[in-house]
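K.L.:
Here it is: the structure, laid out below.
Bear in mind these aren't lab numbers, they're just calculated from the coordinates by the rules spelled out. All values reported here derive from a predicted model rather than from experimental measurement. Note that each Cβ is placed from the backbone with ideal geometry, even for glycine, and that neighbours are counted across all protein chains shown.
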Amino acid sequence: MDLDLGSLESSVNALERAYGITADAAQWQGLSPAVQEAIKSGVIQCFEVAYEQAWKMMHRWLEINRSPSELTGATRRHLYRLAAEEGLIDDVDLWMTFNKARNQTSHTYDHAVAQAVFDTAAAFLVKANLLVMHLQNAP
C-alpha cells in the first residue's frame, strides 16, 4: 500500500515558503514590526500544521510497515523511537523538542514562546524535508 504524501509535502512546502520570507535580512528589516509579527505568526501556524502531518505520516507508515499492535497506546517518544529504528528520522530527542514546541503554541500565546517556536521552525523544516525524502524512498 502506497502512502499518499501529498498533505505532508504541501504543509512542509507552505512552511518553507513562509519561513523563506524571513531569509532575506535586508527585506526582513525593511518590514514594519506589525508585518514581521504577522509573518512570524504565519510561520508558527505552518509549523503546527506541518508537524501534525509529519508525526501522523510516520504513524501511518509504521502501521503499514510494522505491526499495528506495536503502535497501540504508543507514546509520541515510542513512535519516534520506532521511526528512528526504521531510518525515517535520526534524532528522537529533537523530534520531542518539536512536539513540545507544537504543544506550547496550541495552549498559550506569549511573545517569548512564539519566538522560540519560530526559531524551532527552521530546525524542523530541515528534519521535515528529510522525513519526506525518507518516506518517498522507503519500500
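K.L.:
ALA18 fails exactly one of the following numbered conditions: (1) surrounded by fewer than 17 Cβ atoms within 10 Å (Cβ to Cβ); (2) in a helix (DSSP H, G or I). What is the number of that condition?
P.N.:
Checking ALA18 against (1) surrounded by fewer than 17 Cβ atoms within 10 Å (Cβ to Cβ); (2) in a helix (DSSP H, G or I), the one that fails is (1).
K.L.:
Of everything in region 1-15, what is assigned to a helix (DSSP H, G or I) and more than 13 Å from the chain's Cα centre (by Cα)? Give them in sequence order.
P.N.:
Of everything in region 1-15, just one residue is assigned to a helix (DSSP H, G or I) and more than 13 Å from the chain's Cα centre (by Cα), namely GLY6.
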